[in-house]
Each structure stands twice: as structure tokens, then as C-alpha cells.
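Since the structure comes first, as C-alpha cells, the remarks are kept for the end.
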Amino acid sequence: MMAVQDRRIALSNIGVAYIAFIIGTFCGLLQVFIRNDALELPTWLDYYQILTAHGVLLALIYTTFFIFAFLISGMSKTLGSFGPKVRTFLWLGFIVTALGTTLATAMIVSGEASVLYTFYAPLKGSGWFYVGLALVIIGTWLSSFGLIGHYIAWRKKNKGKLSPLFAFMTISTLILWLIACLGVVAAVVFQYIPWAFGWVDTINVELSRSLFWFFGHPLVYFWLLPAYIAWYVVVPKLVGTKVFSDSLARFSFILFILFSIPVGFHHQLTEPGIPGFWKFLQVVLTFMVIIPSLMTAFSMFATFEISGRKKGGRGLFGWFTKLPWKDIRFTSIFIAMAFFIPGGAGGIINASFQLNELVHNTLWVVGHFHITVGAPVAMTFMGVTYWLIPHLTGRVFSKAMKKLAFVQTISWAVGMILMSTAQHVLGLLGAPRRTAYTGYNDHPSALEWFDGFFSNHVTMAVGGIILFLSAMLLVYIVMNLLFFAPKAKLENEFEEFPIAESDDSRTPKFLENWWIWIGITIALIVMAYAIPISDLIQHAPPGSRGYITW
């Protein structure tokens, strides 16, 4: 078991994560009813408050707190218990992030910041909303510095050794996060806060969006990489084998660092203020991210086949039947991986200029977001939840709770299929994103959005309802594992932290020379951003005043 102090830090992060999860999923349920004209909100609440809260609390807050709970637990497990200085950083990081979350949420609920989770200018929220966001980032930096300090101390004590794979992947994730945050920090501190408090009159809209997407796309990989850690390190242990290739796993994470940051312009393909060459360059770099994704897929299915054949699987796909399907820790993650196949394909479409012209700012984008983050990431986190909380609390994950966990996993998958498929189809039919219900005066094109099965807002709502019920079932299981399940008494009742053995005897040492990879990353960022960003600053338009449309 981890040290008691380390467990408390991790459990505190999990607690806040699931509070945000409850509120965020409820806001999602309200959205699907409103889009079907089936619900009228009270006068003190509007659709865009709900939409902002849904995005911020689920996409930014739930993921961030859960990720740090997972990374903190794994680093304590693989590198040993934290020292007092590291714990101080981790507690400070947790407190500052929680304060920022509270402040930002209060501004959203009070109707002072209905700017959505991308907070695009010239929509203008309360200055305190942006201060809250800044505190969230500062808090994560403090936690990151604590974990990096723990890693550096371990390296000094173990000179010449490669760090455990979990630790290596954690540091990769944190390096990506720290570099990516520079963009949004620059935008919030030097643009949004002075503008929102009235210290300056206008804001450079194109620059603010470019700085956001410098952060916004690697943010997706900040969500994905912890899920990949579970895939690479935890899943092989669950299926009874080793990590397929230590060097492949490490190299794939390095490639994610290199190619996930200088690609933000592919979110801005329809914006006129960025020359076409720089969009083209970043689209090319975007497609480079496909390589480590395919490496991950190859590694995982090789792991499955090795495990299945060791257990007697015969024929071309006989190994598939030998996987531990009755283990919810595995099954939930396998389903998450399956969702990433169509999710990744949709990402290729979004990054392609001609195809992006068709789906940009439609419900297709919302469907893509849910099938990549709401399924692969969220379902992996759910699978991790089922063993991480018992590991931290020392409570027993009973057979009855495991059966409920299967119901929760299957219902989440069904709800996500219904909702995201309907959103993809509706997007192809031109249904816009980020809007409440509208029939556009019964225009024939708009009426198509309410006919058929998958081209129907009702199908989207049914999927959303199933997702909400599944979310409430998950919260019930989490509460049970946190507070009510019986304490483990026998040694075989204690939930392990499943980390697979990884043979690093043939792994090149230079893969852990971070200065090489940070240097290459900075060079790629300078190549992709230096000229267009400097042009946006030097040839800035007069700027825009703020608009409050709610």
C-alpha cells in the first residue's frame, strides 16, 4: 500500500474530480433536452451557462483532477513515497487548483461568464473567471513541479538507470502539459485579464485564439496520455503478460510531445488572419501524430494476442476469446480502445482542409469530441477508478459492485454510440454546434434534423439520457468505494496497483535524455509559430471591444 499521506492527496483529487463530474454530466443532460425544445429553463438560467459549465467542469476540471490523482498514485508506487517537500507542492497544487475551479464555476453559475470552455474573444466574461482559470493552471504547475522533483531525486539516487515506464510516461505527460500551458497563460494573463477588468479597451481576437489553440490541441493529449499510460502499463498486467516493447512505448510518448503541440492552426483552418502556408505546415505536423497512435494500437493488439495465445488461443482470432472479459478493469478499457478507432478517423477528417470546410462548427465536431474524449479517455478513467479507489481506500470491490460496474460500462458505451453517431450525422446535415433549439423558421434543411433515426435530435437526447443514468451509477459505485464498502481484512482482498513488468534492457538510454526532446520540440514550435504569431502582433488590427450576448 502507498503511504497514508500520499493516498490522502490522491483521494482528495479524486473527490473533486467526481464532484465536477456530477455537475458536468447533469448540465449535459439539460442540454440535450433544450436542443429538442423539450425543456424551458428558469429566467435566472440560460443555455449558454449550462453549456459553459458542462465543458469547463468535464473537459477541464474532471480530467485534470483525475489525471493528477492517477499520476500521483503511480509515481508513489513506482518511485517510492514522497518526501515532505514534494507533498507540500502537491497539496499546494491541489488547493490552488480547487480555488481556481471554485472561482471560475461561481462566475459561470452567476451568469458572469457564459463564454464556453474555449472562451473565445470577443465574448467577454468577468475578469474573475479568467483569474480562476489562471489559478487552475498555476495549481497544476505546482503539482507538476512536485512530481518532477520526485523524479529528479530518484534519478540522482539511481544514476545510469532508466526510470520505470510509468514514471517516464508521467514525466512525458507533464512536459507536454507545461509547454502547452504557455500559450493559454500568455493569452489569459496578458490579454484576457487586462481586457476583462477594463485596463485596456480592446483585444486582438486572432492572436488570442491562436494562443488558445497552441494550448487547446495538446490539451487533448494531456487527456489521452494518462489513458495511454493505463493501456501500456496496466492492461498487460491485467491480461497476464509483459509490456510488449519498452522502447516502443517510450518512443511513442516522445513523438506525442514532439508532434502534438505545433499543430493548433488545424483548428483555425477557416479563419482568414493566418496565411495558408502556416496552416498547411501545421496540418502536416498534425498527421505526424498518427504515427505514435498507430504504434500504440499495434503494441496493444500484440499484447492481447500474446496473452491469448499463452492461454491456449488457437486459429487466427482464437486468442481474442481468451482475454479476461469478466474483469471489468480490462473490459472497460478495451471498449475505450475500440471507440478510439472511429474517433481517430474523425480526427483525420477534421484536420483535412477540404473536409473540414464541410463539418466546421457543426455538431460533427461535438460528436468527434465525445467519441474521442467522452469514450476512450472517460471509459479508461472509469476502468482505472474501479481499482484505483479500492487501492487507495483499502476497501473491497465486491462482486455486486463489479456487476453494477459492467452495467455502467455497457450503458455508457450504448449511450455514447447513440449520441455521438447522431451528432456526426446531424453535423453532415448542417446542424450547428453551440446553439440552443432552433428550427430556423421551419426551413426544410433544419426540419431534416428532426427526421430519421440517427439524423434525429431525439436520438441524441436518448443517448444523453442513457449517459446521465450511467454517470449516476458510476457516482454510486464511487461513493461506495470511497465510504461504504467494507475494509479489506485478508491480504488477497487488498486491491493492487497493477503495473506490468517492462524489460528495458535493450531500451536506448538517450530516450530519457529530456534535453534532446525538449530542444527538438521548441525548434518545431518556433518553426510553426514564430513567424505567424509575430505577424499577428506586429500587424494587429485595432482590436475588438468585449461583447456580452447573454
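All conditions in (1) touching a Phe, Trp or Tyr at 6+ places or on another chain (Cβ under 8 Å); (2) surrounded by fewer than 22 Cβ atoms within 10 Å (Cβ to Cβ); (3) outside any loop (DSSP other than H, G, I, E, B) hold for I22, with the sole exception of (1).
If only one of P218, P262, P272 is more than 24 Å from T78 (Cβ to Cβ), assigned to a loop (DSSP other than H, G, I, E, B) and in contact with a Leu (Cβ under 6 Å, 6 or more places away or on another chain), which one is it? If you could, list the steps in order and put the result at the bottom.
Working: P218 fails: assigned to a loop (DSSP other than H, G, I, E, B); P272 fails: in contact with a Leu (Cβ under 6 Å, 6 or more places away or on another chain).
Sole residue among the options that is more than 24 Å from T78 (Cβ to Cβ), assigned to a loop (DSSP other than H, G, I, E, B) and in contact with a Leu (Cβ under 6 Å, 6 or more places away or on another chain): P262.
On the given criteria, is T173 in contact with a Phe, Trp or Tyr (Cβ under 8 Å, 6 or more places away or on another chain) and either surrounded by 24 or more Cβ atoms within 10 Å (Cβ to Cβ) or closer than 30 Å to D327 by Cβ (or both)?
Values: in contact with a Phe, Trp or Tyr (Cβ under 8 Å, 6 or more places away or on another chain): yes; either surrounded by 24 or more Cβ atoms within 10 Å (Cβ to Cβ) or closer than 30 Å to D327 by Cβ (or both): yes.
Yes.
Within region 329-339, one or more residues are at pLDDT 95 or above, hydroxyl-bearing (S, T, Y) and at negative phi.
Quick check on V359: is it of a type outside the set (S, T, Y) and surrounded by 23 or more Cβ atoms within 10 Å (Cβ to Cβ)? Working first, answer last.
Numbers: of a type outside the set (S, T, Y): yes; surrounded by 23 or more Cβ atoms within 10 Å (Cβ to Cβ): no.
No: the conditions fail for V359.
Each residue in region 186-212 was checked for being farther than 20 Å from A104 by Cβ and part of a helix (DSSP H, G or I), and 4 of them qualify.
Exactly one residue out of V131, V115 is surrounded by fewer than 24 Cβ atoms within 10 Å (Cβ to Cβ) and more than 23 Å from E512 (Cα to Cα), and it is V131.
Within region 315-322, can one find any residue that is assigned to a helix (DSSP H, G or I), of a type outside the set (K, R), out of contact with any Lys or Arg (no Cβ under 9 Å at 6 or more places or on another chain) and within 30 Å of I257 (Cα to Cα)? Taking every residue of region 315-322 in turn, none turns out to be assigned to a helix (DSSP H, G or I), of a type outside the set (K, R), out of contact with any Lys or Arg (no Cβ under 9 Å at 6 or more places or on another chain) and within 30 Å of I257 (Cα to Cα).
Take I254 and tell me if it is surrounded by fewer than 23 Cβ atoms within 10 Å (Cβ to Cβ) and at pLDDT 95 or above.
The answer is yes for I254.
Across region 1-33, what is the total count of residues that are modelled with pLDDT under 95 and aromatic (F, W, Y)? Of the residues in that region, 1 qualify. So which residues in region 310-333 are in contact (Cβ under 8 Å) with a residue 12 or more places away in the chain and surrounded by 15 or more Cβ atoms within 10 Å (Cβ to Cβ), if there are any at all? Answer for region 310-333, where residues must be in contact (Cβ under 8 Å) with a residue 12 or more places away in the chain and surrounded by 15 or more Cβ atoms within 10 Å (Cβ to Cβ): K311, W319, K322, L323, P324, D327, I328, R329, F330, T331, S332, I333.
The values are calculated or read from the model by the stated rules, or taken from the named source; none is laboratory data. The structure displayed is predicted, hence computed values, not measured ones. Backbone-built Cβ (ideal geometry, glycine too); neighbour counts: all protein chains shown.
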